[in-house]
Structures are given as C-alpha cells and as structure tokens.
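Scroll down for the structure; my scribbles are underneath it.
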Amino acid sequence: MRSSIKTVFVISFAGTVGITLLLGLFTVSTANRLQSLNSFIGQEVLSGVGAAGRMLGAVEELRIFHAELLHANGKEGVAAETREIIARETTVAALLKDVSNKADSDVERQIAAEAAPLANAYLRDSRTLRTLMLRGNTAEAERLYMGSLDSGFDRLNALLTRFLAYNDRQARKAVNDGSITNRQAQWFIWSSVLLALAGTAAIFLMKLQQVIRPLLRITQSIRRLAEGEMDTPVPEMQAANEFGDLA
C-alpha cells in the first residue's frame, strides 16, 4: 500500500487537530459546569436571601410604625400612620408568599411553613392595633402592642433570621464548591494541555522519523556511490512512496 510523505504529514496534522478538539470539548464541558454552579448561586441562594431579607426589613418597619402610631398626634396623625401601616402590611403579606415560593429545600420549606401562621397572626394584630387607635382606644392598643404584637414580632424575627442564616450557609457552601470546581477545572485543563502537547509531539516525531530516516539512508548511499562504491545497495527501492520513486 502506497503511503506518501504527504499522507504521513496529513495523518500527523489530523492527529493534532483531534487532540485539540478533545481538549476543546473538555473545556466547554467544564465551563458549562461552572455556569450551572454560578446559576445556582445567583438565582437560588441569593434570591432566597433577598426575599427573606426584604420581609424581615418590612416586618421591622411595620414594628416602627406601630410605635409611631401609638404616639401620633390627633386624628390626622393617626390616619397618616395608619396609611403607612396598611402599606407595610400589604408588603409583608406579598413577601410572605415570595419567601414560601423561593423555599427550595426541606429546611427552608419548614421555616416558611412555621413563619406563615406567625406572620398572619402578626398582621391580624396589626390590623386590630390600627382599629383600636382609630377608635381612640389607646390603652387597649398599648396593651396589644406590648403583648401579642411584641411576642409575635420576636418569633417572626427569629424565624426569618434562621432563614437568612441557612441561606448564608448555602451560599458559603456553593462558593466553596465553586472554588473546588474551579481548581479541579484548572488542573484538568493544564493536564490536558500537557497531554495534548506530549501526544502531538509524539505523533510528529514518529512521523518525522518515517521521513528523516529513509532520507538519511538514501543520502548516505548516494555519497558512497559518488565516491565510487558501485556495489553500495540503494535503500528504500521497494518503498511505496516518494522515497521509492527517488531510489
């Protein structure tokens, strides 16, 4: 079977391209893995932190407006604070649903399930508080504020803080996993690069030897013939390539 020098170098080039393509596929696979991990960090962990954090902030704002309502001056002051409280109640109710929807683990779902009745009771007491103040029943409103509203706020605050702490641990774990994956990816990529270079060099040297050795033997024979050694055998005469043609 005739195997020309051109064919030898084409095979060498094809081998080099093949190794490079395999390295590229591995790099793409690693990049997709990192992208998937970043998606988890950005969309799942941080979204849970955002929802719980906003709800905690809204609950704390509602608590502040409760205190301001108790110290409001006149009907206009009570009405103004009442409007602020109603707005915060609406926000807390909406964020409660958001927290429940963003709960994607058993721990988060459990905390969200515990927070739901507490938040509803807190909102119910909030509505009762503003009703009492609109009726001028300040003493009863103060007892409610210092009683069930106060304890409800503390329990709800503690649950939301737990939710945030769990999300924070998730985020830290995800970041740590990302760092490990990144180090592994770098190690594999550099290892693959070295293997690709070594493989390419091996293929090139092997094919190069198939070209240089016959050429050296032919050159040596020509030199001996030029020196008068007419009985010198001519190598590569049976080679089915350009060296055979040259011989």
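The values are calculated or read from the model by the stated rules, or taken from the named source; none is laboratory data. Quick caveat: nothing in here was measured; it's all calculated off a predicted structure. Please note: Cβ atoms are built from the backbone with ideal geometry, for glycine as well, and neighbour counts cover all protein chains shown.
What the table shows:
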quantity	calculated
One residue from GLY152, GLY136 being on the phi > 0 side of the Ramachandran plot, without any contact (Cβ under 8 Å) to a residue 60 or more places away in the chain and either of a type outside the set (Asp, Glu) or in contact with an Asp or Glu (Cβ under 8 Å, 6 or more places away or on another chain) (or both)	GLY136
Condition met for ARG172 (more than 30 Å from ILE64 (Cβ to Cβ) and modelled with pLDDT of 75 or more)	yes
Top-ranked residue of the range 148-187 - restricted to ones that are aromatic (Phe, Trp, Tyr) and touching a helix residue (DSSP H, G or I) at 6+ places or on another chain (Cβ under 7 Å), ranked as nearest to ARG54 (Cα to Cα)	PHE163
Failed condition for THR181, given (1) within 15 Å of the chain's Cα centre (by Cα); (2) exposed (fewer than 13 other Cβ atoms within 10 Å of the Cβ)	(2)
Helices (runs of 4 or more DSSP H) wholly inside the range 63-147 containing at least 1 residues that are touching a Phe, Trp or Tyr at 6+ places or on another chain (Cβ under 8 Å) and surrounded by 15 or more Cβ atoms within 10 Å (Cβ to Cβ)	74-102, 106-134
Qualifying residue in the range 124-141 (condition: closer than 21 Å to GLN170 by Cα and either touching a Lys or Arg at 6+ places or on another chain (Cβ under 7 Å) or of a type outside the set (Val, Ile, Thr) (or both))	no
Any hit, the range 45-61, residues being within 37 Å of the chain's Cα centre (by Cα), surrounded by 21 or more Cβ atoms within 10 Å (Cβ to Cβ) and not hydrophobic (A, V, I, L, M, F, W, C)	yes
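Residue-by-condition table, conditions (1) among the aromatic types (Phe, Trp, Tyr); (2) at pLDDT 85 or above; (3) in contact with a Gly (Cβ under 9 Å, 6 or more places away or on another chain):
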site	(1), (2), (3)
LEU129	no, yes, no
LEU156	no, yes, no
ASP168	no, no, no
ASN176	no, no, no
TRP187	yes, no, no
